[in-house]
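A.B. asks: Have a look at this one before I ask anything.
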Amino acid sequence: MKTPGNTLYKRSLIILIGPVILLAALQFFSPAVENPPVKKEIILPADVKAIMKRACYDCHSNQAEPAWFDRIAPASYLVAHDIKEGRSRFNFSDWDANPPAVQQLLLWEMVNAITENKMPLPSYLAMHPEAQISAAELTTLRNYVNTLPGRHKTDTASIVKPGTARQVKPPVPVSLNGIAYFADFKTWQIISTTDKYDGGSMRVVYGNELMIKAIKSRKFPFPDGTKIVKVVWGKQKEDKDGIVYPGNFQNVQIMIKDSKKYASTEGWGFAKFDGLDHKPFGKTALFAKTCINCHRLLVPESDFVFNIPTK
């Protein structure tokens, strides 16, 4: 005959032992972290590489070294997911898979993510405090990326003189993903002006009418047809009175919302046009993946858009 005491004891035993059995069973199916062969490892100065290896290589290379506690389920599932995701974004062990221009963008993406305390992941730092990047180390990384050749471009202001406008209208530049350059953004409303440690650049951000209405109503995600244009000038200059003003013109960056056409990049199409000739950026369409990876990491809460006014 069952008694209330016996029933309560059995239930308590199940509640206590059940999770232990489940945890033990998970170990048999725990995903293993495999390190594929290193194809072409990134070449960096010794001090920069030492920082990257300590803070980034576990998730962004084929040289991951999970600690013993990283191999225990359920933590092992999260670790395996983070490594797979990290390698898909960029892989230090297959660095030449990216064109040189994309490599530079990726390095700046890393520095910006570290500056914003988005990388290394807080969950990773909780168990791996040795991966924390100090202020001095961040300065080392910034100083390095500022030496990259793409940060120093011809000062277009010095070669454009009054009365030298083109007499022949050039063809409209088109990005590899089909987005054509357009100049009517100059009549749009300015959303924000920003600067960035990325070479000391200064930016003006424009939005079309759909963008402005969505911002005012705080409507996220943005509707299809939304367009954003960011115009970038190079390293800031300072006159004798301490007044800071833009340097050389660098590029025009465009984002267009089409949730179906650009589904693989969160509904956004990206294009970048460099210099006065508005030369489409990149030799392959990989640049779009590079763009959205940064936006996914830093601003997922605002439909992957930077520089949205809060008021």
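A.B. asks: Could you list all residues from the stretch 87-142 that are among the hydroxyl-bearing types (S, T, Y), touching a residue at least 40 places away in the same chain (Cβ under 8 Å) and not in a helix (DSSP H, G or I)?
C.D. replies: First, the residues of the stretch 87-142 that are among the hydroxyl-bearing types (S, T, Y): 88, 93, 115, 123-124, 134, 139-140.
Still in the running and touching a residue at least 40 places away in the same chain (Cβ under 8 Å): 93, 115, 123-124, 140.
S93, the sole residue that qualifies.
A.B. asks: For the stretch 263-299, enumerate the residues that are polar (S, T, N, Q) and either on the phi > 0 side of the Ramachandran plot or surrounded by fewer than 17 Cβ atoms within 10 Å (Cβ to Cβ) (or both). Talk me through it step by step, then tell me what you get.
C.D. replies: If we filter the stretch 263-299 for residues that are polar (S, T, N, Q), which is where we start, we get 264-265, 284, 290, 293.
Once the filter is applied, which keeps residues that are polar (S, T, N, Q) and either on the phi > 0 side of the Ramachandran plot or surrounded by fewer than 17 Cβ atoms within 10 Å (Cβ to Cβ) (or both), the stretch 263-299 yields S264, T284.
A.B. asks: Continuing with the same structure: Kindly state which strands (runs of 3 or more DSSP E) lie completely within the stretch 200-260 and contain at least 1 residues that are among the hydrophobic types (A, V, I, L, M, F, W, C) and at pLDDT below 85.
C.D. replies: Output list reads 202-207.
A.B. asks: Right, P66: in contact (Cβ under 8 Å) with a residue 60 or more places away in the chain, farther than 21 Å from T140 by Cα, assigned by TED's automatic domain parsing to the domain that holds E137 and out of contact with any Phe, Trp or Tyr (no Cβ under 8 Å at 6 or more places or on another chain) or not?
C.D. replies: So P66 does not fit the description; no.
Matching residues to (1) within 12 Å of Y124 (Cα to Cα); (2) within 16 Å of the chain's Cα centre (by Cα); (3) modelled with pLDDT of 90 or more:
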{"residue": "C59", "(1), (2), (3)": "yes, yes, yes"}
{"residue": "W68", "(1), (2), (3)": "no, no, no"}
{"residue": "A75", "(1), (2), (3)": "yes, no, no"}
{"residue": "V79", "(1), (2), (3)": "yes, no, no"}
{"residue": "F92", "(1), (2), (3)": "no, yes, yes"}
{"residue": "A97", "(1), (2), (3)": "no, no, no"}
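A.B. asks: Can you name the residue in the stretch 154-189 that is among the polar types (S, T, N, Q) and either at pLDDT below 85 or not assigned by TED's automatic domain parsing to the domain that holds I256 (or both) and is also surrounded by the most Cβ atoms within 10 Å (Cβ to Cβ) among such residues? Write out each step before concluding.
C.D. replies: Applying the first criterion (among the polar types (S, T, N, Q)) to the stretch 154-189 yields 154, 156, 158, 164, 167, 175, 177, 187, 189.
So of that shortlist, the ones also either at pLDDT below 85 or not assigned by TED's automatic domain parsing to the domain that holds I256 (or both) come out as 154, 156, 158, 164, 167.
Details: T154: 13, T156: 15, S158: 8, T164: 8, Q167: 5.
Here the answer is T156.
The values are calculated or read from the model by the stated rules, or taken from the named source; none is laboratory data. Only a predicted model underlies this, so the values are computations on that prediction, with no experimental measurement involved. Virtual Cβ from ideal backbone geometry, glycine too; neighbours counted across all protein chains shown.
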